[in-house]
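See below for the structure under consideration.
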Amino acid sequence: MQIVINALVLGSVYVLISIGLTLIYGILRILHIAHAGIYTLGAFLGLTFYALTGNFWLALILSMVLTGIAGVGVYSYIYRRVLSKERIVPLVISIGLFIAMQDLYRLIWGAYKKPFALDLGINDIKGKGFVITQHQILILSLTGISLILLYLLMNKTKLGKAMKACADDLVMAGALGINVERVVSFAFFLGSALAALAGVLIGVYENNVYPTMGDEVSYKAFVVIVLGGFGSLSGAVVAGFILSFAETLLVAWKGFLLPRDAIAFLVMILVLMFKPEGLFRRAST
Amino acid sequence: MRSVLEVQNLNVRYGEIHAVKGVSLRVEKGEIVALIGANGAGKTSTLSAIMGMIRAEGSVKFMGKDIERFSPWKRAQMGLSIVPERARVFPNMTVLENLEVGAYLVKDKKVFKERLEWVYDIFPRLRERQKQLALTLSGGEKQMLAIGRSLMNKPKLLLIDEISLGLMPKLVDEIFQILIKLNESGITLLISEQNTKKALEISSRAYVLQNGRVVKEGPSGELKEDEEIRKAYLGV
């Protein structure tokens, strides 16, 4: 039971980060590596605003909004200018951007781990043989709310349907009257805000925030979008949890030699070998 | 009288390839105009450029306004729409969702309902399959959906690219009948077709494209009798 809870918590964070990557890959076919830098930015901004205001919820919202805007900036000042180039160009730019972001954070916030101590005043839930800590409750509930809102957005609103159409065929969506520029900007805003949420939650959960915290995330999120079938949102959600369960269960299984990060890649390599289109295929035009 | 569409000296380049070389054409209100020519003559590039889906040089006037610098969505707002080659329906969305996206610019719910009924009356098949993902449709159904989707915004000028491609002859007849009806209901049409015979039957005027240039133009009735065209495109 404890293992299941831990896996759910871990999976929640994977999913929150992967949503942005999936939206962006789905629409622009760009592997947005710098998304992990956006996630780190969210964690730092959350911590900074929490230190300034002492109000966690205010800090969280400010961080999500500002990080969202930073994401839109990455699109409109960088990616938008190289969209007509071969895909390797935005990929290389993205890697460079990620490294530059980490150095920038080091300059601003210092190289060391900063604690993110938060007491929400909620009691831990204790059951037979398991505990759900207040931070786990926070992560599970915020992820749940985010996923429900995301589902409603994508399936019940005009904007959500426009996003789906853009992911299927960007040029065609434009020809039908959808302002594609605005939709793509919104996808970057939404994805980056959710990455900020993930960053803050992980910062609180592990009680530290540091410039290179995006490293692990950068490749994990890839595993999730590969497993999820490159651009499928529901695929990414399921894949995030599959990965977290695989990792948590195998690590808990005594005698398993590989560390948890290696497991993620092992899973990805196996999937790519036997099912190169990912577990959940989307049709392409 | 002002033309619905006036294209002058249109050029499209893909890297080294010069696909459309100075094409000029016009479409008057209420007409069906056909672009005919072989595969690779530049028909699709011409229509895509008019819609703004690809980069082009030259002048494009729609309803008297210069639109060559406008984004595709701005052109759609003005009443231009396209049924692209191979339909390009949104495969991971349902039939209904495809139609909803087509009605993206329609703000009024009542108008949306009316349009949806109108499209479903034209293509009852789409009503039956409205909950199905578009990728599960047959080639003909995809074309119907692409037409329906473009109609949701009630265009003034509809560009139709190679609608007959890969369809059974019976279905081609059916769809051409529908195009004639749409035209009678007030939608001006510019169609590109490899099926020269059909295209000349339903259009009032036509342009013949060859290697990116207009090599002939005139009333379809005359072109049908033209010796060269009969040899080259009608197989007579």
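The values are calculated or read from the model by the stated rules, or taken from the named source; none is laboratory data. These numbers come from a predicted model, not from an experiment. So basically every Cβ, Gly included, is an ideal-geometry build from the backbone, and we count neighbours across all protein chains shown. Areas reflect the complete protein model, heavy atoms only, side chains present, ligands, DNA and RNA absent. Shrake-Rupley method; radii C 1.70, N 1.55, O 1.52, S 1.80 Å.
Beta carbons closer than 7 Å, at least 6 apart along the sequence or on distinct chains, pair a first residue in segment B:39-51 that is at pLDDT 95 or above with a second that is among the aliphatic types (A, V, I, L, M) and part of a helix (DSSP H, G or I) for B:M51/A:A175.
Scan (1) farther than 19 Å from B:N9 by Cβ; (2) open to solvent by 10 Å² or more (accessible area, probe 1.4 Å); (3) among the polar types (S, T, N, Q); (4) at the interface with chain A (Cβ under 9 Å from one of its Cβ atoms) for the single condition B:S81 breaks and write down its number. Going through the list (1) farther than 19 Å from B:N9 by Cβ; (2) open to solvent by 10 Å² or more (accessible area, probe 1.4 Å); (3) among the polar types (S, T, N, Q); (4) at the interface with chain A (Cβ under 9 Å from one of its Cβ atoms), B:S81 breaks only (2). On the stretch given as segment B:90-106, residues that are part of a helix (DSSP H, G or I), of a type outside the set (V, I, T), open to solvent by less than 10 Å² (accessible area, probe 1.4 Å) and more than 7 Å from chain A (Cβ to nearest Cβ) total 2. Of all residues in segment A:145-174, those satisfying the criterion of being away from chain B (no Cβ under 14 Å) and touching a residue at least 40 places away in the same chain (Cβ under 8 Å) are A:S146, A:L147, A:L150.
Across segment B:67-77, what is the number of residues that are open to solvent by 40 Å² or more (accessible area, probe 1.4 Å) and facing chain A (nearest Cβ under 10 Å)? Please lay out each step first, then the result.
Going through segment B:67-77, the residues open to solvent by 40 Å² or more (accessible area, probe 1.4 Å) turn out to be B:68-70, B:73-74, B:77.
The next check asks that each one be facing chain A (nearest Cβ under 10 Å); those that pass are B:73-74, B:77.
Residues meeting the conditions: 3.
Of note, A:D103 does not satisfy the criterion of being away from every other protein chain (no Cβ under 14 Å), farther than 28 Å from B:L159 by Cα and in a loop (DSSP other than H, G, I, E, B).
Report those strands (runs of 3 or more DSSP E) wholly inside segment B:155-236 carrying at least 2 residues which are hydrophobic (A, V, I, L, M, F, W, C) and touching a residue at least 60 places away in the same chain (Cβ under 8 Å). Give the steps one after another, and end with the answer.
On the way: elements: B:157-161, B:188-193, B:205-210, B:213-219.
So the answer is B:157-161, B:188-193, B:205-210.
Number of residues in segment A:192-219 that are closer than 19 Å to A:L140 by Cβ and of a type outside the set (A, V, I, L, M) equals 5.
The residues of segment A:191-214 that are open to solvent by 30 Å² or more (accessible area, probe 1.4 Å) and part of a helix (DSSP H, G or I), listed by number, are A:Y205, A:E206.
Annotation: B:V4 fulfils all but one of (1) more than 10 Å from chain A (Cβ to nearest Cβ); (2) over 20 Å from B:L182 (Cβ atoms); the unmet one is (2).
Condition first: hydrophobic (A, V, I, L, M, F, W, C) and either within 14 Å of chain B (Cβ to nearest Cβ) or over 30 Å from A:Q2 (Cα atoms) (or both). Can you find one or more residues in segment A:121-130 that meet it?
no
Filter segment A:96-120 for residues that are farther than 30 Å from A:M1 by Cα and touching a strand residue (DSSP E or B) at 6+ places or on another chain (Cβ under 6 Å) and give the result. Working first, answer last.
Here is the first cut: in segment A:96-120, the residues farther than 30 Å from A:M1 by Cα are A:96-114.
Selection gives A:K114 alone.
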